[in-house]
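Worksheet: one structure, shown below.
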Amino acid sequence: MLERPAMAKRRKAKRNEGRAPCFWGKHAVEAALANPARSVTRIWATREALAAIDVPSGIPVEIAAVTDLARHVPRDAPHQGLIAEVEPLAEIALTGLLADAPGNGPLVILDQVTDPHNVGAIMRSAVAFGAYAMITQDRHAPPESGALAKAASGALELLPWCRVVNLSRALDEIADFGYWRIGLAGDTDMTLDEALGAKRVALVFGAEGAGLRQNTASHCDALARLPISEAVDSLNVSNAAAVALYAATTHGAS
């Protein structure tokens, strides 16, 4: 009996879910090695790439040619001669994350943003602009992966990432901890600068193309837009996040 293509894809995806992720590239691998919370289980590297990093004793290392390394990563992945097999980071509970918030660093909330390159780029901007943590749904966000880690350029190891079952309930809990929740949307009159206030801020970004879901928007304290030129319809979500994080960080600065 022939297997239907859709069923085969689902089974392949299910098999892939159980595999340990592989990170590639100098920044992603070095950041993973430097993170005490991250377990690195194996390294594959060229001799040249291995000479440029410090691998703790106890981690198995396999010297390989560039062509052999390509077997461990997606086609044309820029591995720079360095690949690490890792264990995913431990899950973070939302209540504990919020209770331990040290200051006024903004929260980044992603509503079904699924592209790992966008999520990684958002994490990089979040770290650059002093965000405290990122919160996503558990089922509608990409897993830790080489593509995400490469785009994050080390930020995956630095920014706490909390996955929740229900984003609306999480937004209610975030409000209980004193955060002002601002949803980024293009079809509103209020600008982000007008929406920012004295409270700690949670910036909520919608999915690529679709934007914020209605239920998510209804759990925000304000909806705001970036004042971009009329010559451009919208910004990519990772670009919008970078601009919004900069605005939140510098708001009220003299």
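Looking for something in contact (Cβ under 8 Å) with a residue 40 or more places away in the chain, of a type in the set (Lys, Arg) and in a helix (DSSP H, G or I) - is there at least one such residue anywhere in region 113-132?
Checking region 113-132: not a single residue is in contact (Cβ under 8 Å) with a residue 40 or more places away in the chain, of a type in the set (Lys, Arg) and in a helix (DSSP H, G or I).
Check ALA99, ALA93, ALA128, ALA151 and return the single one that is under 12 Å from the mean Cα position of the chain (by Cα) and either within 19 Å of ASN35 (Cβ to Cβ) or at pLDDT 95 or above (or both).
Answer to the selection: ALA151.
Which helices (runs of 4 or more DSSP H) does region 1-54 wholly contain that include 2 or more residues that are at pLDDT 90 or above?
Values: elements: 5-17, 26-34, 47-51.
Ranges flagged: 26-34, 47-51.
If you go through region 102-115 one residue at a time, do you hit one that is within 30 Å of GLY58 (Cβ to Cβ) and touching a Pro at 6+ places or on another chain (Cβ under 7 Å)?
No; the residues of region 102-115 include none that is within 30 Å of GLY58 (Cβ to Cβ) and touching a Pro at 6+ places or on another chain (Cβ under 7 Å).
In region 96-112, which residues are part of a helix (DSSP H, G or I) and in contact with a helix residue (DSSP H, G or I) (Cβ under 7 Å, 6 or more places away or on another chain)?
Of all residues in region 96-112, those part of a helix (DSSP H, G or I) come to 96-99.
Selection gives LEU98 alone.
Being touching a His at 6+ places or on another chain (Cβ under 9 Å), under 29 Å from PRO74 (Cα atoms) and either surrounded by fewer than 21 Cβ atoms within 10 Å (Cβ to Cβ) or not assigned by TED's automatic domain parsing to the domain that holds ALA240 (or both) is the filter here; which residues of region 148-196 pass it?
SER153
Could you list, in sequence order, the residues of region 214-225 that are at pLDDT 95 or above and surrounded by 14 or more Cβ atoms within 10 Å (Cβ to Cβ)?
THR216, ALA217, HIS219, CYS220, ASP221, ALA222, LEU223, ALA224, listed by residue number.
Just give me the residues in region 238-254 being surrounded by fewer than 19 Cβ atoms within 10 Å (Cβ to Cβ), within 26 Å of ALA99 (Cα to Cα) and without any contact (Cβ under 8 Å) to a residue 60 or more places away in the chain, in sequence order.
Within region 238-254, THR250, HIS251, GLY252 qualify.
Identify the residue in region 134-154 that is touching a residue at least 40 places away in the same chain (Cβ under 8 Å) and aliphatic (A, V, I, L, M) and, among all such residues, is farthest from ALA242 (Cα to Cα).
ALA147
Answer yes or no: is there a residue in region 230-247 that is closer than 18 Å to GLY105 by Cα, among the β-branched types (Val, Ile, Thr), at pLDDT below 95 and out of contact with any Ser or Thr (no Cβ under 7 Å at 6 or more places or on another chain).
no
Yes or no: PRO106 under 24 Å from GLY25 (Cα atoms), at pLDDT 95 or above and either surrounded by fewer than 24 Cβ atoms within 10 Å (Cβ to Cβ) or assigned by TED's automatic domain parsing to the domain that holds ASN236 (or both)?
Judged against the criteria, PRO106 is not a match.
Considering every residue within region 177-184, establish whether at least one is at pLDDT 95 or above and charged (D, E, K, R).
Looking for residues that are at pLDDT 95 or above and charged (D, E, K, R), one finds at least one in region 177-184, hence yes.
Could you check, for region 226-237, whether at least one of its residues is within 19 Å of the chain's Cα centre (by Cα), buried (at least 21 other Cβ atoms within 10 Å of the Cβ), polar (S, T, N, Q) and farther than 20 Å from GLY103 by Cα?
Step one: list which residues in region 226-237 are within 19 Å of the chain's Cα centre (by Cα), which gives 235-237.
Next, from what is left, pick out any that are buried (at least 21 other Cβ atoms within 10 Å of the Cβ): 237.
In the following step, the residues that additionally are polar (S, T, N, Q) were identified as none.
Taking every residue of region 226-237 in turn, none turns out to be within 19 Å of the chain's Cα centre (by Cα), buried (at least 21 other Cβ atoms within 10 Å of the Cβ), polar (S, T, N, Q) and farther than 20 Å from GLY103 by Cα.
The values are calculated or read from the model by the stated rules, or taken from the named source; none is laboratory data. Note that the structure is a prediction, hence the values are computed from the model and not measured. Every residue, glycine as well, gets a Cβ built from its backbone with ideal geometry; the counts of neighbours run over all protein chains shown.
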